[in-house]
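Worksheet for the structure shown next.
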Amino acid sequence: MATTTYSHAFLVGSFNEGIKPKQLRTDKRWKRIILSKDDYDDLCTMYYQSHIDAMTETNKRSWCQKHKRKIAGCMRMAKGIHFKSVSNKIKQWILESKGDKNKDRFLRNVRHYQYCIEKGKGKEVEFSTTGNGHYYFYPYKLKICNLHLYLFPLGIAMFAIEIDDTGSELKWFTYAHNLLRIWAWNGKERFSDSMRSELDKIMEPLSLLLPNNDMANLISDGNKLKMFQVVKVDSDKLFTDNTLYEISTSSPIGAVGSKGVFDPDPHYYNTIMKNNVVAAFNNWKGLSLVDSFTIIGKEFNEWTFINLYFGLIYMRSLFEKDFCFSRNNMYRLNKSNGNLLMEISLMEKYYFYETISHNFLPNLLYQSMSKGLGIKEEREQLANQIKDKEETNNNRILATVSVFAVFSIAYDSYSILKTWLHNNIHWYDRPFFNWMAMLKLNNSEEMPFLAIILTLIALAVSMYLVGRIYKRRKV
């Protein structure tokens, strides 16, 4: 029987609502993750400090530490109040409301909140489905350990459901993951009433943050959750490319080469196994796809993948993907975003760089995840947006200059003709030129008829030029 010796996964989605920190302050069940100064310094020895600042919070120099003496003096003046408890409350309030003052403004609202299920013990759920009026129970159990919320700049929020199903049989393992990934869309209808009830109860902290507490609105984009999973097996027969592909795509075990409905096309299979597999050592290998990142191996340090690489690298990659996709989607739907150039400039400064670590492995994983998610292609489409916006702005400038140029020519022409008429006024006595008498300026304050004619001509030419530019822009 093919089973896992270790299996841990995160189901990740883009939260459908913008979340503000004050919404989470009222719910004490959400624990805010803030790095200590020692942890922060340790991470900065492995990763670039700019990367750690872009993904975490730290209280290395909080406002309260900076003004510790002033707060202490105020508290001593307040009789009957316990100094330490009040000071801690003030410190917590300032950190939650103002963010890290040492960060740039763009990064101050980067937050990570964790909700521990059953006080950290997790909740076991028995996997069961329904169909054709029958209930089906499987020899598979999963433990939902924690819920996570990640708040990023520009109002982007993501959630992650942390599950553990160590010791699971692989054939039920992939089937369950397939349904769990579409659970927030329509997969819930395929679960039994008991499992649906358990999941709704566990997900209550997330649903309370949604309008009308409706879990159907949980995901903002797509019809399934992304998955980051780490799987350890104890057999060389399972440590193969075929098993890696089947786990990554939540396909039935043995699907590759089976000639069944889930058997992948050989060209597609060979392409992704050649281009999307990442490996640095002989004891593990990974596969990065647009909707999952999977590590499979025999003996390796799974703690690093779960506690460091997921939160610091995979979540960063998903945020970059979400930003690019949402801005490109707004462009395709003709929704204006006047701050796009500024947003891209800030993202280029704080997130869009290829190396994030002093060590090779985090950089290797980051580049592999970015490639699997197609971030490069999304960024190229953003660049096309910038080019189009710059072209539009240039066209507007040219149109404005053209309008002023036409008026300038009309005014200069009128001035030249007026001077010429004044110098040749005796021509008016001739019968053929009597019609021009109306053009003579009897008083400099009066508007001559010729000026009106030339102004109308200038307006017509200007409207024609602007119309041509607008038509070319739409094409």
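The values are calculated or read from the model by the stated rules, or taken from the named source; none is laboratory data. The structure presented is a predicted model; accordingly, all values stated were derived computationally and were not measured. All Cβ positions, even for glycine, are placed from backbone atoms using ideal geometry, and neighbour counts span all protein chains on display. Note: areas computed on protein heavy atoms with side chains; ligands, DNA, RNA excluded. Shrake-Rupley method; radii C 1.70, N 1.55, O 1.52, S 1.80 Å.
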Let me make sure I get this right: for the range 125-164, a, b and c are the square roots of the gyration tensor eigenvalues over alpha carbons, sorted descending. Under 1.5 in a/c it's rounded, otherwise prolate if a/b > b/c, else oblate. Which is it? oblate
How are the C-alpha pair distances of the range 232-386 spread across 5 Å bins, as whole percents from the shortest bin up? 1, 8, 16, 18, 16, 14, 11, 8, 5, 2, 0, 0
Would you tell me the accessible area of Tyr245, worked out with a 1.4 angstrom probe on the heavy atoms of the protein chains, in Å² to the nearest 10? 20
Stretched fully, the stretch from Ile386 through Thr130 gains (0.36 nm per residue minus C-alpha distance, one decimal, in nm) 87.2 nm
How many nm separate the modelled label positions at Asp265 and Lys121, each set 7 Å beyond the Cα in the direction of the Cβ? 5.1
FRET efficiency estimate (nearest 0.05) - Cβ-Cβ, Phe106 to Ile457, R0 41 angstrom: 0.20
Between Asp42 and Asn223, what is the label-to-label distance in nm when each label sits 7 Å out along the Cα-to-Cβ direction? 4.4
Within the range 262-396: Cβ-based charge dipole about Cα centre, in debye rounded to nearest 20 (Lys, Arg +1; Asp, Glu -1): 220
Between Leu35 and residues 5 or more places away or on another chain, the pairs with built amide H atoms under 5 Å apart involve Glu57, Thr58, Asn59
Between Ala279 and Asp27, the two model label points (7 Å from Cα along the beta-carbon direction) sit apart by a distance in nm of 4.2
Dipole of the range 313-379, Cα-centred, from +1 at each Lys and Arg C-beta and -1 at each Asp and Glu C-beta, to the nearest 20 debye? 140
Step through the table entries Lys37/Lys321; Lys103/Lys335; Lys349/Lys371; Lys103/Lys321; Lys224/Lys259; Lys31/Lys226, compare each Cα-Cα distance with 28 Å, and write down the pairs that go over it. Lys37/Lys321; Lys103/Lys335
Computed on Cα atoms, the radius of gyration and Dmax of the range 266-325 in angstrom are 13.1, 37
If you roll a 1.4 Å probe over the range 227-367 with all protein chains in place, what percent of the accessible area is carbon or sulfur? 53
Compute the accessible area per residue over the range 237-376, keeping the other protein chains in place, probe 1.4 Å, unit Å². 47
